[in-house]
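Please read the structure below before turning to the comments.
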Amino acid sequence: MSTPPLGLEQLSALDEHLTEQERLIRASVRRFVRSEYLPQAAELFETERFPLELVPELARLGVLGASIPGYECAGMNSVEYGLVLQELEYGDSALRSFVSVQGSLAMYAIYAHGSEEQRARFLPAMARGEVIGCFGLTEPDSGSDPGSMRTYARRSGSDWVLNGTKMWITNAPIAQVAVVWAKVADDDASGAAPDRGASTIRGFLVERGTRGFETPRTRGKMSLRASETGELVLDECRIPAANLLPSKPGLGAPLACLNQARFGIAWGALGAAKACYESAVDYVRERRQFDGPLARKQLVQERLVTMASGIVQGEIMALHYARAKDRHGRLRPEQVSLCKRTNVAVALDAARQSRALLGANGILLDYPPVRHLLNLESVFTYEGTHEIHTLVLGKALTGESAF
Ligand code: TGC
Ligand code: FAD
């Protein structure tokens with residue numbers, strides 16, 4: 001005798017801890033994702049296309065720069081923002097990545113590290129989706145260790161001249177403005193290059209159309225295929241002094257942006273995990289082998305229980321830290337690492353379990369698990385790899401650096 005399945009939201013009882021506004025925001029983004037994105041998710045993945053035509057609606061929903069106060073941004077709290085990202089990644093990690101990079105990386109960099117003029121010039125247009133941004137930290141020879149970057153900027157009169165290459169940059173091919181992190185000499189000495197003593201990291205706003213700035217697209221990714229990824233190639237690229245971010249020099253500035261984005265990913269990845277879980281439950285209740293539905297087999301139930309446990313624990317942790325973030329205005333970087341590391345691993349495992357439960361059908365794009373599984377391989381790697389977050393936590397817990 002079978003009974004209706006208990007949903008994840010009933011199991012976690014999360015809604016009891018959400019305000020009405022938090023639930024309403026989640027519902028409006030859920031409607032959008034399920035009606036506008038999901039029907040074309042497989043095709044967008046297959047054809048490596050990001051649906052730029054959806055950007056105005058994303059803007060209308062208030063999800064671009066959602067947690068920034070003022071400047072036409074929605075000023076959402078951390079729970080609202082987390083729920084938004086979870087719904088977006090239920091659709092696809094590419095959709096969530098677009099929003100993370102626009103809001104938590106590009107817009108946040110301008111908000112936290114920019115001048116009042118830069119904020120007023122860029123943030124409202126970015127919140128409206130009229131200007132798309134990207135965030136260039138990673139380079140061909142500098143990934144987990146961004147302090148080793150070789151892109152550098154030198155002063156030339158009142159301008160800055162940038163040289164170097166950033167790669168793996170989300171939104172690069174479609175961005176009108178790139179936040180580029182580059183080394184400059186401690187004393188801003190003219191002509192400084194990394195091998196000649198340039199040592200301080202500064203942020204620069206590089207606008208499309210600037211001479212010496214190209215953004216070639218990266219093709220052939222087997223993950224995040226619906227996300228636009230590219231390089232930022234800077235060849236004697238001259239930008240005005242007004243495009244230097246005036247914040248305190250150092251790696252701390254880009255890492256502060258990463259804290260925002262990593263926290264969002266900790267929520268977002270669980271959206272992908274939920275899509276995989278729900279797809280598996282539906283499938284095993286229908287699919288019959290050995291005289292009964294797969295849902296009646298103990299090994300199948302164990303996989304579902306493992307998935308559900310991870311998702312519910314991850315959500316409770318994310319909610320706890322989101323409330324703490326709003327109370328204190330910030331989280332410790334180690335807390336952000338704990339959330340990102342744990343929840344992305346939960347999601348990747350859930351996608352694998354779900355893919356397996358669908359058997360051969362699990363490798364088809366007709367079902368969501370293999371798409372999420374492939375996407376989550378990138379999520380595991382970007383914004384600090386799983387191992388980097390292990391080392392951040394290991395250092396904090398022992399006082400010893402193992403980098
Ligand atoms: P370290 O000496 O530890 O620190 C240098 C300075 O930075 C400060 N700091 C932080 N500040 C804010 N938040 C954090 N999480 C911070 N971590 C460190 C630190 O206090 C220090 O400040 P100061 O004032 O004393 O100079 O730096 P390190 O060179 O040893 O590196 C530390 C390490 C390895 C943890 C860091 O470099 C790291 O996180 N590496 C991973 C790189 C990464 O995450 N890259 C992501 C690129 S962007 C991306 O992937 C976008 S994908 C987006 C999408 O599509 O969704
Ligand atoms: P590496 O740093 O070379 O690491 C390779 C392996 O070695 C990993 O398993 C790593 O964990 C491990 N490793 C490294 N150091 C250690 C150590 N000390 N001890 C033990 N193991 C170690 N970057 C941006 O700046 N902006 C973006 O918008 C952006 N978008 C991205 C989008 C996608 C789809 C992808 C895949 C990446 C994106 N990235 C972006 C880059 C991403 O942040 C980097 O890929 C990531 O930081 C890891 O760098 P890496 O690929 O060079 O790997």
Next item on the list: Select from the stretch 136-168 the residues that are near ligand 2 (Cβ under 8 Å from one of its atoms) and touching a helix residue (DSSP H, G or I) at 6+ places or on another chain (Cβ under 6 Å) and write down the one among them that is most open to solvent (accessible area, probe 1.4 Å).
Entry: 144
Next item on the list: Give the residue that is surrounded by the most Cβ atoms within 10 Å (Cβ to Cβ), with candidates limited to residues of the stretch 214-253 that are away from ligand 1 (no atom under 16 Å from the Cβ) and in a helix (DSSP H, G or I).
Entry: 243
Next item on the list: Please find, among 308, 295, 241, 272, the residue that is under 21 Å from residue 99 (Cα atoms) and of a type in the set (Gly, Ala, Ser).
Entry: 272
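Kindly evaluate residue 295 against the criterion of being of a type in the set (Gly, Ala, Ser) and open to solvent by less than 10 Å² (accessible area, probe 1.4 Å). Give the steps one after another, and end with the answer.
Values: of a type in the set (Gly, Ala, Ser): yes; open to solvent by less than 10 Å² (accessible area, probe 1.4 Å): no.
Answer is no for this residue.
Taking into account only those residues within the stretch 298-311 that are free of Cβ contacts under 8 Å to residues at least 24 places away in the same chain and either more than 14 Å from residue 345 (Cβ to Cβ) or not in a helix (DSSP H, G or I) (or both), which is most open to solvent (accessible area, probe 1.4 Å)? It would help to see each step written out before you state the result.
Taking the stretch 298-311 and keeping what is free of Cβ contacts under 8 Å to residues at least 24 places away in the same chain, we get 298-299, 301-302, 305, 309.
Among the residues that remain, those that are also either more than 14 Å from residue 345 (Cβ to Cβ) or not in a helix (DSSP H, G or I) (or both) are: 298-299, 301-302, 305.
Values: 298: 155, 299: 135, 301: 92, 302: 113, 305: 89 Å².
Ranking the candidates gives 298 first.
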Notebook entry, point to check: When the stretch 254-286 is examined, which residues are found to be open to solvent by 20 Å² or more (accessible area, probe 1.4 Å), touching a residue at least 24 places away in the same chain (Cβ under 8 Å) and touching a strand residue (DSSP E or B) at 6+ places or on another chain (Cβ under 9 Å)?
Noted result: 285
Checklist line | Of all residues in the stretch 312-352 being basic (Lys, Arg) and surrounded by fewer than 22 Cβ atoms within 10 Å (Cβ to Cβ), the one that is farthest from the chain's Cα centre (by Cα) | finding: 327
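If you go through the stretch 135-142 one residue at a time, do you hit one that is charged (D, E, K, R), under 20 Å from the mean Cα position of the chain (by Cα) and at pLDDT 95 or above? Break it down stepwise before answering.
From the stretch 135-142, those charged (D, E, K, R) are 139, 141; that's our starting set.
Applying the additional criterion that residues be under 20 Å from the mean Cα position of the chain (by Cα) yields 139.
The next check asks that each one be at pLDDT 95 or above; those that pass are 139.
Among the residues of the stretch 135-142, at least one is charged (D, E, K, R), under 20 Å from the mean Cα position of the chain (by Cα) and at pLDDT 95 or above, which makes the answer yes.
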Check: Considering only the stretch 80-109, how many residues are open to solvent by less than 10 Å² (accessible area, probe 1.4 Å), farther than 21 Å from residue 330 by Cβ and hydroxyl-bearing (Ser, Thr, Tyr)?
Finding: 2
Margin query: Can you tell me which of (1) closer than 29 Å to residue 48 by Cα; (2) over 17 Å from the mean Cα position of the chain (by Cα); (3) among the β-branched types (Val, Ile, Thr) is the one residue 161 doesn't meet?
Written below: (1)
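Check every one of the helices (runs of 4 or more DSSP H) wholly within the stretch 1-73 and list those with 3 or more residues that are of a type outside the set (S, T, N, Q), open to solvent by less than 90 Å² (accessible area, probe 1.4 Å) and in contact (Cβ under 8 Å) with a residue 40 or more places away in the chain. Lay out the reasoning, then the answer.
On the way: elements: 8-12, 20-32, 41-47, 55-60.
Where helices (runs of 4 or more DSSP H) fall fully within the stretch 1-73 and carry at least 3 residues being of a type outside the set (S, T, N, Q), open to solvent by less than 90 Å² (accessible area, probe 1.4 Å) and in contact (Cβ under 8 Å) with a residue 40 or more places away in the chain, they are 20-32, 41-47, 55-60.
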Next item on the list: Tell me which of these residue 374 doesn't satisfy, since it passes every other one: (1) within 16 Å of ligand 2 (Cβ to nearest atom); (2) under 30 Å from residue 68 (Cα atoms).
Entry: (2)
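For (1) within 18 Å of residue 45 (Cβ to Cβ); (2) surrounded by fewer than 22 Cβ atoms within 10 Å (Cβ to Cβ); (3) in contact (Cβ under 8 Å) with a residue 60 or more places away in the chain, each residue gets a yes or a no:
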{"site": "354", "(1), (2), (3)": "yes, no, yes"}
{"site": "361", "(1), (2), (3)": "yes, yes, yes"}
{"site": "364", "(1), (2), (3)": "yes, yes, no"}
{"site": "367", "(1), (2), (3)": "yes, yes, yes"}
{"site": "372", "(1), (2), (3)": "yes, no, yes"}
{"site": "385", "(1), (2), (3)": "no, yes, yes"}
{"site": "391", "(1), (2), (3)": "no, yes, no"}
{"site": "394", "(1), (2), (3)": "no, yes, no"}
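The values are calculated or read from the model by the stated rules, or taken from the named source; none is laboratory data. The shown structure was predicted, so the numbers you read here are calculated from the model rather than taken from an experiment. Note: ideal-geometry Cβ built from the backbone for every residue, glycine included; neighbour counts use all protein chains shown. To get the accessible areas, we keep the full protein, side chains included, count just its heavy atoms, and leave off ligands, DNA and RNA. Shrake-Rupley method; radii C 1.70, N 1.55, O 1.52, S 1.80 Å.
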